[in-house]
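A quick write-up on the structure given underneath.
The values are calculated or read from the model by the stated rules, or taken from the named source; none is laboratory data. Here the structure is a predicted model, which is why all the values come from computation and not from measurement. Ideal geometry is used to build each Cβ from the backbone, glycine not excepted, and the neighbour counts take in all protein chains shown.
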Amino acid sequence: IVQAKRPLGPYDTSEPVTPYEQATTYNNYYEFGTDKADPARMAGTLHTRPWTIKIDGEVKKPQTVDIDTLQSWFPLEDRIYRMRCVEGWSMVMPWLGFPLGSLIRRLEPTSKAKYVQFTALLDPKQFPGQRADVLNWPYVEGLRLDEALHPLAFMAVGLNGRILPGQNGAPLRLVVPWKYGFKGIKAIVRITLTAKQPQTTWSLAAPDEYGFYANVNPKVDHPRWSQATERRIGELSRRPTLPFNGYAKEVASLYSGMDLRKFF
Amino acid sequence: MARRSGALGWLGPAVVVGGLIPVIVMALDAGSGALGANPVQRVQLQTGVLTLALLLLSLACTPLRLVFGWTWPARIRKALGLLAFVYAALHFLVYLFDKGILNSDFGLQTILTDIVKRPFITAGFAALLLLVPLALTSFKGSVKRLGFARWTALHRLVYVAAALGVLHYWWGVKKDHTQPLIYAGVLLLLFAARWLWKKRKVTPRAKKRPVGGL
């Protein structure tokens, strides 16, 4: 494991990083199966090269680009982020990648662009979980354009200084550390800038449980469990969950004037 | 063919020992880290699933007699029921631990809110409460003290407990209902078997009714 001995950046947490073994064997990735051990077991069926990403919608430069080309557009950065799952557990993940905002700006959104929609790979041959209609495949996620342009919003291609493992979202995944983990769509094949709010997978599957915004909020409970606390993987007792997963200083202003109970 | 009493005397102890093996396995796994990244959640799930499995097995004893004329399952029904209660209690203890009962700042309100506010918890807690009087009256002399009719009526609560347990599992999973569906299916099958046999008034093939059996 390459543990970078570098000074922490402005967006890094200094909390201890979750061991690689646990971060790569305890995953929610229903395309591989609904058990948290399934993704690590099944990820070998996913081929992440060659891989292209289609970029379309409200952009001046619609195009289809190879993952290696896309990656080469930006210098890769390390980001040590907290990751809070909607189920009440959390990890500290050392991602490697580039800011989503850098990509969006390069694509030159038109004046109509208000949202970014991400679509994951649809291929039941590579994703055995897609043979069951547990969710509407392919997985779709989205962000408001200003959220996507926030410097914390990140596209990851690596973890712990190595290439991203299949079970963690290779070859390209979204990381939005102030939102619940399910917003972090994996195996992205399409990025579409839209005028309308995207219909996202979990908000369609259970609208009363999962919203479009999905900002980490200890005050808004999931109907079946409290979101006030979380278990950091590797610890036995729970700790309080922080508003916006501890990133309130950076992102709370994005939502000023919004009723976060309504837009959960 | 079931034998007369005595020949299967080992069956009860074997079920109790076998039924407690998962506790030992979980304890060993906890020590070696084999419970994975989230051991509390794993133990929570495993004790819950074991509770349901044992409850369904205890409920299968009578239909097995009705359909196949087997009397031996009735001999282990009590052991299965008590094991189910043990796992339900463990399941609840893990829940209490998860809610931080060992922390100095623990408030009972956390749990009361959970039970009142969340149907998923309400169902599970109700199922556990229903199992308590059953466990308490499953020892020697209880049938005599209560009277057979009252004891039997009381122990019918196990149907309600099992149904609530399956509902609790159903509501507890995030999306994939395959597992709870299996338990629900088995429960319905067991209910259907009893109901059909009662309706058709088919006399059980077994000649001798087991003591205390329905």
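Scanning the stretch A:22-48 for residues that are touching a residue at least 40 places away in the same chain (Cβ under 8 Å) and surrounded by fewer than 17 Cβ atoms within 10 Å (Cβ to Cβ) yields A:Gln22, A:Gly44, A:Thr45, A:His47.
Checking each residue in the stretch A:226-251 for being of a type in the set (A, V, I, L, M, F, W, C), touching a helix residue (DSSP H, G or I) at 6+ places or on another chain (Cβ under 8 Å) and assigned to a loop (DSSP other than H, G, I, E, B) picks out A:Ile233, A:Leu236, A:Leu242.
For every residue, the table says whether it meets (1) at pLDDT below 95; (2) among the basic types (Lys, Arg); (3) crowded, with 23+ Cβ neighbours inside 10 Å.
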residue: A:Gln167; (1), (2), (3): no, no, yes
residue: A:Leu204; (1), (2), (3): no, no, no
residue: A:Asp208; (1), (2), (3): yes, no, no
residue: A:Gly234; (1), (2), (3): yes, no, no
residue: A:Arg238; (1), (2), (3): yes, yes, no
residue: A:Asn245; (1), (2), (3): no, no, yes
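For the stretch B:94-108, filtered to residues that are within 14 Å of chain A (Cβ to nearest Cβ) and in a helix (DSSP H, G or I), the residue that is surrounded by the fewest Cβ atoms within 10 Å (Cβ to Cβ) is B:Leu96. For the stretch A:92-108, a residue qualifies if it is over 9 Å from A:Met155 (Cβ atoms), assigned to a helix (DSSP H, G or I) and in contact (Cβ under 8 Å) with a residue 60 or more places away in the chain, and the qualifying residues are A:Ile104, A:Leu107. Is it true that some residue in the stretch A:9-19 is under 23 Å from A:Leu143 (Cβ atoms) and among the small types (Gly, Ala, Ser)? Scanning the stretch A:9-19 turns up at least one residue that is under 23 Å from A:Leu143 (Cβ atoms) and among the small types (Gly, Ala, Ser). Only one entry of A:Thr25, A:Thr64 meets the criterion of being assigned to a loop (DSSP other than H, G, I, E, B) and modelled with pLDDT of 95 or more, and that entry is A:Thr25.
Just a yes or no: is a residue in the stretch A:73-81 assigned to a helix (DSSP H, G or I), under 28 Å from A:Ala113 (Cα atoms) and not aromatic (Phe, Trp, Tyr)? Checked against the condition, which is being assigned to a helix (DSSP H, G or I), under 28 Å from A:Ala113 (Cα atoms) and not aromatic (Phe, Trp, Tyr), the stretch A:73-81 yields no hits at all. One residue alone among B:Lys117, B:Lys140 is over 26 Å from B:Met26 (Cβ atoms), within 14 Å of another protein chain (Cβ to nearest Cβ) and among the basic types (Lys, Arg), and that residue is B:Lys117.
Considering the stretch A:105-153, and only residues there that are within 14 Å of chain B (Cβ to nearest Cβ) and not hydrophobic (A, V, I, L, M, F, W, C), the residue that is nearest to A:Phe212 (Cα to Cα) turns out to be A:Tyr139. Looking across the stretch B:119-142, the residues that are assigned to a loop (DSSP other than H, G, I, E, B) and closer than 18 Å to B:Ala88 by Cβ come down to B:Thr137, B:Ser138, B:Phe139. Is it the case that the stretch B:36-49 has a residue that's surrounded by 17 or more Cβ atoms within 10 Å (Cβ to Cβ), more than 22 Å from B:Tyr169 (Cβ to Cβ), more than 14 Å from chain A (Cβ to nearest Cβ) and touching a residue at least 24 places away in the same chain (Cβ under 8 Å)? Within the stretch B:36-49 (the criterion being surrounded by 17 or more Cβ atoms within 10 Å (Cβ to Cβ), more than 22 Å from B:Tyr169 (Cβ to Cβ), more than 14 Å from chain A (Cβ to nearest Cβ) and touching a residue at least 24 places away in the same chain (Cβ under 8 Å)), the answer is no, since none of the residues qualifies.
From the list A:Ser90, A:Ser102, exactly one residue is of a type in the set (S, T, N, Q) and away from chain B (no Cβ under 14 Å). Which is it? Please lay out each step first, then the result.
Working: A:Ser90 fails: away from chain B (no Cβ under 14 Å).
Sole residue among the options that is of a type in the set (S, T, N, Q) and away from chain B (no Cβ under 14 Å): A:Ser102.
Before we move on, is A:Gly211 more than 14 Å from chain B (Cβ to nearest Cβ) and either hydroxyl-bearing (Ser, Thr, Tyr) or assigned to a loop (DSSP other than H, G, I, E, B) (or both)?
Values: more than 14 Å from chain B (Cβ to nearest Cβ): yes; either hydroxyl-bearing (Ser, Thr, Tyr) or assigned to a loop (DSSP other than H, G, I, E, B) (or both): yes.
It is true that A:Gly211 is more than 14 Å from chain B (Cβ to nearest Cβ) and either hydroxyl-bearing (Ser, Thr, Tyr) or assigned to a loop (DSSP other than H, G, I, E, B) (or both).
Scanning the stretch B:143-173 for residues that are within 14 Å of another protein chain (Cβ to nearest Cβ) and in a helix (DSSP H, G or I) turns up B:Leu167, B:His168, B:Tyr169, B:Trp170, B:Trp171, B:Gly172.
Scanning for something more than 30 Å from A:Pro19 (Cβ to Cβ), of a type in the set (Lys, Arg) and without any contact (Cβ under 8 Å) to a residue 40 or more places away in the chain, does the stretch A:109-120 turn up at least one residue? Can you show your working first?
So in the stretch A:109-120, the residues more than 30 Å from A:Pro19 (Cβ to Cβ) come out as A:109-117, A:119.
Still in the running and of a type in the set (Lys, Arg): A:112, A:114.
With without any contact (Cβ under 8 Å) to a residue 40 or more places away in the chain added as a condition, the list becomes none.
No, every residue in the stretch A:109-120 fails to be more than 30 Å from A:Pro19 (Cβ to Cβ), of a type in the set (Lys, Arg) and without any contact (Cβ under 8 Å) to a residue 40 or more places away in the chain.
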